[in-house]
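**Q** The structure is given below, and queries will be raised subsequently.
The values are calculated or read from the model by the stated rules, or taken from the named source; none is laboratory data. Predicted model only: the values in this text are computed from it and were never measured. All Cβ positions, even for glycine, are placed from backbone atoms using ideal geometry, and neighbour counts span all protein chains on display. Keep in mind that these areas ignore ligands, DNA and RNA; they rest on the heavy atoms of the full protein, side chains included. Shrake-Rupley method; radii C 1.70, N 1.55, O 1.52, S 1.80 Å.
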Amino acid sequence: AEGQLEYLGRLDHQVKIRGLRIELGEIEAQLLAQPAVREALVVAQEGPGGARLVGYVAGRDIDAGTLRERLGRVLPDYMVPGALVVLEALPLNANGKVDRKALPAPERAGERAYAAPQGEAEEALAAIWAEVLGIERVGRHDNFFELGGHSLLAVQMAARAQGTLHVQLMVQDVFRRPTLKALAAQLAEQPREDAMAQSFSEIDAFIDSLESA
């Protein structure tokens, strides 16, 4: 059913997403290492774009965007959950274990009020997102990963943005600024004549790391 969570590798706490083996426990450990996080669980959610990682956290004053950025500093991009759900506490069953069936599905971007992109940078980037993600429209407050994006799609999107908009865009930038508004603001500040060799090199290195994993 739509929005249903599928838990892969629940016995060995390991999943395989887009050919990459991922230790969920390693991601959970990094989440728990953050001062604000008291509880953490990472699962694999099956969706239209394939499996993706979803993190559930509980604690005090947790900001999902900040948490994702911090994870990106210590984990490879493909191990950073595409969606982070902040709860007051993880739901437990009668045995005191996490009740996975009671975990809410991540908020879908379509459930928010749509806000049209504003300005040349947002409009151009929204068109690229819509093409890469295979969706009809993208709002300025939409989150790339909540729309179904993942690390490989981020690589494709960054490459298209560079070729179409003639800007420098790294995959890490997408994780740091996953909303259309924030990412477009970064691109709008760049000089269009900026040499993009470093960014293309970063994308090539990322693809090489996936192939060698």
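**Q** Of all residues in segment 22-66, which are farther than 17 Å from S151 by Cα and open to solvent by less than 10 Å² (accessible area, probe 1.4 Å)?
**A** Once the filter is applied, which keeps residues that are farther than 17 Å from S151 by Cα and open to solvent by less than 10 Å² (accessible area, probe 1.4 Å), segment 22-66 yields L31, Y56, V57, A58.
**Q** May I pose another question? Check A115 against each of (1) among the aliphatic types (A, V, I, L, M); (2) modelled with pLDDT of 85 or more; (3) farther than 30 Å from E189 by Cα and name the one condition it does not meet.
**A** The single condition A115 does not satisfy is (3).
**Q** Would you pick out the residues in segment 135-177 that are open to solvent by 10 Å² or more (accessible area, probe 1.4 Å), small (G, A, S) and either without any contact (Cβ under 8 Å) to a residue 60 or more places away in the chain or in a helix (DSSP H, G or I) (or both)?
**A** Of everything in segment 135-177, those that are open to solvent by 10 Å² or more (accessible area, probe 1.4 Å), small (G, A, S) and either without any contact (Cβ under 8 Å) to a residue 60 or more places away in the chain or in a helix (DSSP H, G or I) (or both) turn out to be A159, G163.
**Q** Still on this structure, please answer the following. Please enumerate the residues belonging to segment 83-109 that are in contact (Cβ under 8 Å) with a residue 40 or more places away in the chain, more than 14 Å from E39 (Cβ to Cβ) and either open to solvent by 10 Å² or more (accessible area, probe 1.4 Å) or charged (D, E, K, R) (or both).
**A** Across segment 83-109, the qualifying residues are A105, P106, R108.
Conditions tested, residue by residue: (1) out of contact with any Ser or Thr (no Cβ under 9 Å at 6 or more places or on another chain); (2) not small (G, A, S).
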| residue | (1), (2) |
| --- | --- |
| G55 | yes, no |
| R68 | yes, yes |
| G72 | yes, no |
| D77 | no, yes |
| A83 | yes, no |
| E88 | yes, yes |
| P91 | yes, yes |
| A94 | yes, no |
| A102 | yes, no |
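**Q** Output the residues belonging to segment 156-178 that are at pLDDT 90 or above and closer than 22 Å to Q45 by Cα.
**A** Selection gives Q156, M157.
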